[in-house]
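Novice: The structure under discussion is supplied below as structure tokens; questions concerning it will follow.
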Amino acid sequence: MRFIHLSDLHFGKSLYGVSLIDHGDQGVWVEHFLQHAEALSPDAVVIAGDIYDRSAPSGDAVTLFGGMLTRLAGLGIPVLMVAGNHDSGQRLAFAGEILAKQKVHIAGVLTKKLLSVTLPEKDGSGEVTFWLLPYLFPAQVAQLLEDDSIRDYDTAA
């Protein structure tokens, strides 16, 4: 199977007061990426967090990423995505059930039952299952497991 792995897109980032969306850099990158994805025709695109540069992204950042997901879905390429430490997992996972019907799978927040996605066999090597685990903040792990002794990353692991 063939996968394209991405992370740290940071849509909406500004450098020295210049928006990378307004300047056109991020839009150009998305267009080049989509051209490569179409040419490579991967079995999935895996996005490992930090889709946005902040937990409350700008409307332009959301629109840019939404267009990217729409085009990948139109190409029939599944997307497997987890929230990173810069993302708001709840915002990212908005409409997750509807998006999953378009093969856009999002693990935004930690749950007791991890989201898994199994891709069917295509090349004789068997099916592949991804377990989508978003970025873990110790306080979220402590709350989920109802364990007050979890206070830092070492005890959350």
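The values are calculated or read from the model by the stated rules, or taken from the named source; none is laboratory data. Predicted model, so just to flag it, every value in this text is computed and none were measured. Because the Cβ atoms are built from the backbone with ideal geometry, glycine has one as well, and the counts that use them run over all protein chains shown. These accessible areas exclude ligands, DNA and RNA; they are computed on the full protein's heavy atoms, side chains included. Shrake-Rupley method; radii C 1.70, N 1.55, O 1.52, S 1.80 Å.
Novice: Pulled fully out, how much extra length does the chain show between residue 22 and residue 109, if you take 0.36 nm times their separation in residues and subtract their Cα-Cα distance?
Specialist: Here the answer is 28.3 nm.
Novice: In whole Hz and in residue order, list the ³J(HN,Hα) couplings for the range 92-103 that follow from phi through the Karplus curve 6.51 cos²θ - 1.76 cosθ + 1.60, θ = phi - 60°; x for Gly and Pro.
Specialist: In residue order, the calculated couplings are 5, 7, 3, 6, x, 5, 5, 5, 4, 5, 9, 6 Hz.
Novice: Here's something else I'd like to know. Rounded if a/c is under 1.5, else prolate if a/b is larger than b/c, else oblate: which is the range 4-71, with a ≥ b ≥ c the root eigenvalues of its Cα gyration tensor?
Specialist: prolate
Novice: How high is the relative contact order of the chain, given as a whole-number percent (alpha carbon pairs under 8 Å, six or more residues apart)?
Specialist: About 19 percent, as a whole number.
Novice: Also, I was wondering about something else. Between beta-carbons, use under 14 Å as the cut-off and find the net charge around residue 133, counting Lys and Arg +1, Asp and Glu -1.
Specialist: Computed value for this residue: +1.
Novice: Given a Förster distance of 35 Å, report the FRET efficiency between residue 102 and residue 148 from their Cβ-Cβ distance, rounded to the nearest 0.05.
Specialist: 0.30
Novice: May I ask for the net charge around residue 25, where only other residues with Cβ less than 15 Å from the Cβ of residue 25 are counted and Lys, Arg are +1 while Asp, Glu are -1?
Specialist: Counting the neighbours of residue 25, the net charge comes to -4.
Novice: Shifting gears a bit: Quick one: grab Rg to one decimal and Dmax as a whole number for the chain, Cα atoms only, in Å.
Specialist: Using the Cα atoms of the chain, the pair Rg, Dmax is 16.7, 50 Å.
Novice: Write down the percent of antiparallel bridges among all DSSP beta bridges whose residues are both part of the chain, to the nearest 5.
Specialist: About 35 percent, rounded to the nearest 5.
Novice: Right, something else. Need the list of aspartates and glutamates near residue 13 for cross-linking: C-alpha distance under 15 angstrom, and skip anything on the same chain fewer than eight residues off.
Specialist: Of all the aspartates and glutamates, those that pass the test against residue 13 - Cα under 15 Å, at least 8 places apart if same chain - are 22, 25, 50, 53, 60, 87.
Novice: While we're on this one: Pull up all non-local amide H partners of residue 80: gap of 5 or more, or a different chain, and H-to-H distance under 5 Å with H placed in the peptide plane.
Specialist: Here the answer is 45, 46, 47, 105, since their amide H atoms fall under 5 Å of that of residue 80.
Novice: Next question. If you take the square roots of the eigenvalues of the alpha-carbon gyration tensor of the range 39-125 and sort them as a ≥ b ≥ c, do you get rounded (a/c under 1.5), prolate (a/b over b/c) or oblate?
Specialist: oblate
Novice: Can I ask one more? Taking the Cα centroid of the range 1-64 and of the range 103-157, what is the distance between the two, rounded to the nearest whole Å?
Specialist: So the separation of the two Cα centres works out to 22 Å.
Novice: Ignoring any ligand, DNA or RNA, what whole percent of the accessible area of the chain comes from carbon and sulfur when the probe is 1.4 angstrom?
Specialist: Within the chain, the accessible surface is 53 percent carbon and sulfur.
Novice: Please give the per residue accessible area of the chain, computed with a probe of 1.4 Å over protein heavy atoms only, in Å².
Specialist: Dividing the accessible area of the chain by its residue count gives 60 Å².
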